[in-house]
Amino acid sequence: MKIHSLTFVILLVALSCKNEPGKITFPYSQWTVGPGGRNMIWTYNEDIELNNSFISTPEKANWESWYRSLIQYRDSVRLLIGKQEPVIFCRFPSTGESKIHFDKFAYQLKLQQGDNIEIKGKSRSPSVPFMLYFDFDLKSKGEELSYVVRRKILAADSLFINSSNDWIPFNKKLRIPGFNADSFVIVPVVRIKSVKSEAKLFLRDIQLVTERNRERDMLLKRIENYLRVQKENNQFVIPDELVWTLDNFLMGFVFMWDQTFWSPEKGEYMVDNYCRTMEKEFGGLQSVILWHSYPNIGIDERNQFDFFKTLPGGLKGLTRVVNDFHRNGVKVFITYNPWDLDTRRSENHDFTELAKVIQETGADGIFLDTWKSARGSISIFETESSIREEVARFGRSVAFSSEILPEFKDLVGPDALTCSWGQEIEPFHYTDLSHQKWLIPTHKQHYIKRMEKNRKRILAHAWINGQGIQLWENIFGTMNLWNATHRQWLRKMNAIWKTYGKMFNSDSFKPFIPLANRNVAASQWIDSNKTITCMVDTTGDETNVKFSVMQNEKMKYFDLWNGEELKPYNENGKAFVNVTVKDFGCLLQTDEEDELLAGLLKKQQKETSYPLPVPDKYEQELSIKEPLKYEYKNSENKVFHPELLKIEGGEHTFKCKHIWREGRCYPNRDGKNNHDLVITFENGVQYINHTHLEKIAPFSVMPRVVTNRQFSEFLQSTRYQPEFSENFLKHWGGTHCPDSLLDEPVVYVSLEDARAFAEWAGMRLPTEWEWQLAAETLKEDFIYNEVFEWNESERSDGYNRFVTLRGGCSRWVTHSSWWYLPGAPYGEFSGGPQRYDSHVKYFLMYPGVDRASTIGFRCVKY
């Protein structure tokens, strides 16, 4: 077997960074170079078929040789991670682009027009020649950490790479082209042109050479110091504070607007109730992610840390939430959104702000949204310290989990991830061997396919690999609830994980052991006197699996899936047991019976006999086709006489279109269910389309939103005090409105505040279709886009309460992310003026959170 990492020498960091006079060479490393393409992976071995998520399983006849090669591969990789860099492997043909990026440090170089650079490396292409193109990406200044590339300069130069079985050096000298340096920053990119035939390309030692200056010298020193630390500490031993991660098989996801988590009626968090539900339906969580920002973030200048502080009770309220979870035996991850760059900037760096939240709340971990590394993905050497180091200043050690699959470098060393999502997984077969699990058995991967209805396959990945599940049913405000069968499967798995979970964290793992039944996959773990075998049947039929076992009177055999003891039988002088497997199964061989085992067997017997609910109330949602009815308590107002414009009634068919966001929207009246949306694609962008027929009575409408002056009249007349006053009229800076703001739109008012004003005024809020009819009819006389506008569109599916805001806020625009509300196509600005025939879904939780500097309202009168 060729383990190329052992048969060629890749220059070590110290040697690779020798510099020519006046030049500076940045080293080749996973921390500096990034392959970009679904067909590209880092690898230490050419002979094992693998990708970023899985190692391909063999034919059963070749299992022994495959297993031996796996052990050699694992042992060699563990020695090499951090000490010797892997090779970049590209498989063709490919549907997407294949690129080599330098984003991890190159934006910090501040390259200028006319600068001389050089890109060099080595390639090996055994079968076909390739063409490398040298492009440039440009980002707006201030957006270096974003994922938005504003402009591209394509094919500034190119290089032909001939086919060869040997490593061939290549280099290309380039000059930075002309660009507007006042507005943009520029970095080089290597693009690999795809070929139509089956082909492999290997790349290594890719380095970027630039002209030397003091800032670049300092950056290189910082990089070299970090690589030295990684080289000296390429092991990963879980510290005592984080041993709980070894048992962290089931991780929940709490969308904090969820009405089953926060009760707007009671005005309190429902942590105990939530945990009881998770225990009943899934066997209980070991950890949970608290999601607090997207998709509402971007409504105004509040950043992700401001959202923590505006949650009910602020950080003290969040601390109580964490304590309540701890009391229920559940660890807590808070969320970090690294793409949040356009909102208000905090006094401290994001990492410091995160550390302060961890310190104040007592949270146990950080979920790294959009990252694959605890160091980040772009300009990762921008700061002297990492998130881990900032948290450590407070004497804390926390777990890190990433949304994106980690690379080799992220599995070991000081900034190692303890867990990650198995989201972008690409198995070769129905299921395969987890690449991360095989290398580092203590690394917990939580499998998730967020909108998949059939969960059997992600359960199979977790079960056969001794990994975990990310339980996520409320996907940013749209529900994808688990059905009764899948919930029962997970309850059974969870019960076994809770009892024997530590067995799944060792190198005793024997993956995909050969069985006579071709449709059943099995993996095995051994711990002194116990052997556990987890099985997956891909057919859905009931299968009888025959196991050869030791002839030992002390040994006993248990079907842990169904909670039964199995009696061995003899056949031709050998002992066997039969295990019945339907979808999933589990065999325990042990010479020891204890209370834990007895309790598990009893639990599994009860679970197996438990009739699944029909109909399944757990899966039911309330319809959101129609808005909730709010009954106004109007009285004639004899002092408030705003200008009103008349609108003729009649039957109207309205069209409304808006960009698709992950929180989605409500269906048309003829939709089959809450999720039956009319979706179209325009220029590669996904839109949700509404068609709505409504008979509208004649009404009068305010031509402009309510002003601070008018709202002051309401307060003086009624002495109105909201039940929850956080952020109420925050822009006033006190109890009275400054004169300069009197004729500006009133903001920092909740839906409840707006309704209270309308009742006092003898009016009400418009429906969104009345609003649209007024905009269509009155044209320029209907002034909108000063602020987003509340209207009577409140809906609830029993989990998510929301309105669809109308209009936009002309003065508030975000630039660097399409994830900000109200959303935008990639690379376009989000916010600003909105079309009159569009709306945006805005989730309601608590008036202090709901109020924003960009939301106001107007009233209508019949």
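Below is a table of values for the structure above.
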| read-out | value |
| --- | --- |
| Subset of the stretch 785-843 (residues that are farther than 28 Å from N480 by Cβ and among the small types (G, A, S)) | G807, G808, S810, S816, G827, G831, G832 |
| Candidates F699, F728, F714, F724 - the one that is touching a Gly at 6+ places or on another chain (Cβ under 6 Å) and surrounded by 12 or more Cβ atoms within 10 Å (Cβ to Cβ) | F724 |
| Filter result for N474 (surrounded by fewer than 20 Cβ atoms within 10 Å (Cβ to Cβ) and at pLDDT 95 or above) | no |
| Count of the stretch 238-256 residues which are assigned to a helix (DSSP H, G or I) and either out of contact with any strand residue (DSSP E or B) (no Cβ under 6 Å at 6 or more places or on another chain) or surrounded by fewer than 18 Cβ atoms within 10 Å (Cβ to Cβ) (or both) | 6 |
| Only listed residue being within 27 Å of P627 (Cβ to Cβ) and small (G, A, S), chosen from S717, S740, S750 | S750 |
| Residues of the stretch 621-649 that turn out to be in contact (Cβ under 8 Å) with a residue 12 or more places away in the chain, exposed (fewer than 15 other Cβ atoms within 10 Å of the Cβ) and farther than 28 Å from Q772 by Cα, as a count | 1 |
| Scope the stretch 568-620; condition surrounded by 13 or more Cβ atoms within 10 Å (Cβ to Cβ) and in a loop (DSSP other than H, G, I, E, B); matching residues | P568, D583, D591, D616 |
| Identity of the residue in the stretch 387-401, of a type outside the set (A, V, I, L, M, F, W, C) and touching an Asp or Glu at 6+ places or on another chain (Cβ under 7 Å), that ends up surrounded by the fewest Cβ atoms within 10 Å (Cβ to Cβ) | S397 |
| Residue list for the stretch 716-737, restricted to those being in contact with a Phe, Trp or Tyr (Cβ under 9 Å, 6 or more places away or on another chain), outside any loop (DSSP other than H, G, I, E, B) and closer than 12 Å to F757 by Cα | S717, T718 |
| Options S164, S158, S194, S183; residue that is surrounded by fewer than 15 Cβ atoms within 10 Å (Cβ to Cβ) and within 18 Å of S98 (Cα to Cα) | S158 |
| Positions within the stretch 657-671 being over 11 Å from S623 (Cβ atoms) and either loosely packed, with under 14 Cβ neighbours inside 10 Å or of a type in the set (S, T, Y) (or both), in sequence order | D670 |
| Tally of residues being loosely packed, with under 12 Cβ neighbours inside 10 Å and assigned to a strand (DSSP E or B) across the stretch 527-547 | 2 |
| Residue within the stretch 446-464 that is charged (D, E, K, R), in contact with a Ser or Thr (Cβ under 8 Å, 6 or more places away or on another chain), touching a residue at least 12 places away in the same chain (Cβ under 8 Å) and over 17 Å from R487 (Cα atoms) present | no |
| From the options F788, F782, F728, F757, residue that is of a type in the set (A, V, I, L, M, F, W, C) and more than 16 Å from V705 (Cβ to Cβ) | F728 |
| Residues (of a type in the set (A, V, I, L, M), within 22 Å of V840 (Cβ to Cβ) and assigned to a helix (DSSP H, G or I)) located in the stretch 738-777 | L751, A754, A758, L773, A774, A775 |
| Candidate set: the stretch 377-402, residues that are touching a residue at least 40 places away in the same chain (Cβ under 8 Å) and under 19 Å from the mean Cα position of the chain (by Cα); chosen: the one farthest from I334 (Cα to Cα) | I378 |
| Where T361 falls short, out of the listed (1) modelled with pLDDT of 95 or more; (2) touching a Ser or Thr at 6+ places or on another chain (Cβ under 8 Å); (3) farther than 19 Å from V321 by Cβ; (4) not charged (D, E, K, R) | (3) |
| Filtered residues of the stretch 778-825 (kept if assigned to a loop (DSSP other than H, G, I, E, B) and among the β-branched types (V, I, T)) | I783, V787 |
| Restricting the stretch 31-44 to residues that are more than 22 Å from the chain's Cα centre (by Cα) and under 14 Å from S373 (Cα atoms), the residue that is surrounded by the most Cβ atoms within 10 Å (Cβ to Cβ) | V33 |
| Tally of residues being in a loop (DSSP other than H, G, I, E, B) and either farther than 16 Å from N213 by Cα or not assigned by TED's automatic domain parsing to the domain that holds N171 (or both) across the stretch 108-140 | 4 |
| Hits in the stretch 67-88 (condition: crowded, with 20+ Cβ neighbours inside 10 Å and either without any contact (Cβ under 8 Å) to a residue 60 or more places away in the chain or in a strand (DSSP E or B) (or both)) | V87, I88 |
| Test: residue in the stretch 257-268 that is over 21 Å from E621 (Cα atoms) and surrounded by 22 or more Cβ atoms within 10 Å (Cβ to Cβ) | no |
| Considering residues of the stretch 732-758 that are surrounded by fewer than 19 Cβ atoms within 10 Å (Cβ to Cβ) and acidic (D, E) only, the residue farthest from K695 (Cα to Cα) | D739 |
| Odd one out for E143, checked against (1) in a loop (DSSP other than H, G, I, E, B); (2) surrounded by 14 or more Cβ atoms within 10 Å (Cβ to Cβ); (3) in contact with a strand residue (DSSP E or B) (Cβ under 8 Å, 6 or more places away or on another chain) | (3) |
| Helices (runs of 4 or more DSSP H) completely within the stretch 268-334 that count 3 or more residues being among the basic types (K, R) and more than 21 Å from S401 (Cα to Cα) | 314-327 |
| Any chance V149 is under 30 Å from the mean Cα position of the chain (by Cα) and of a type in the set (A, V, I, L, M) | yes |
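Here is a yes/no grid of residues against (1) under 30 Å from K672 (Cα atoms); (2) touching a Leu at 6+ places or on another chain (Cβ under 7 Å); (3) at pLDDT below 95; (4) not aromatic (F, W, Y):
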residue: L622; (1), (2), (3), (4): yes, no, no, yes
residue: E626; (1), (2), (3), (4): yes, no, no, yes
residue: F640; (1), (2), (3), (4): no, no, yes, no
residue: L644; (1), (2), (3), (4): no, no, no, yes
residue: G649; (1), (2), (3), (4): yes, no, yes, yes
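This table checks each residue for (1) over 14 Å from S750 (Cα atoms); (2) among the acidic types (D, E); (3) under 22 Å from the mean Cα position of the chain (by Cα).
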position: I783; (1), (2), (3): yes, no, no
position: N791; (1), (2), (3): no, no, no
position: G798; (1), (2), (3): yes, no, no
position: G807; (1), (2), (3): yes, no, no
position: E828; (1), (2), (3): yes, yes, yes
position: Q834; (1), (2), (3): yes, no, no
position: I855; (1), (2), (3): no, no, no
position: V860; (1), (2), (3): yes, no, no
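The values are calculated or read from the model by the stated rules, or taken from the named source; none is laboratory data. Source: prediction; values computed, not measured. Heads up, the Cβs are rebuilt from the backbone with ideal geometry, glycines too, and the neighbour counts pull from every protein chain shown.
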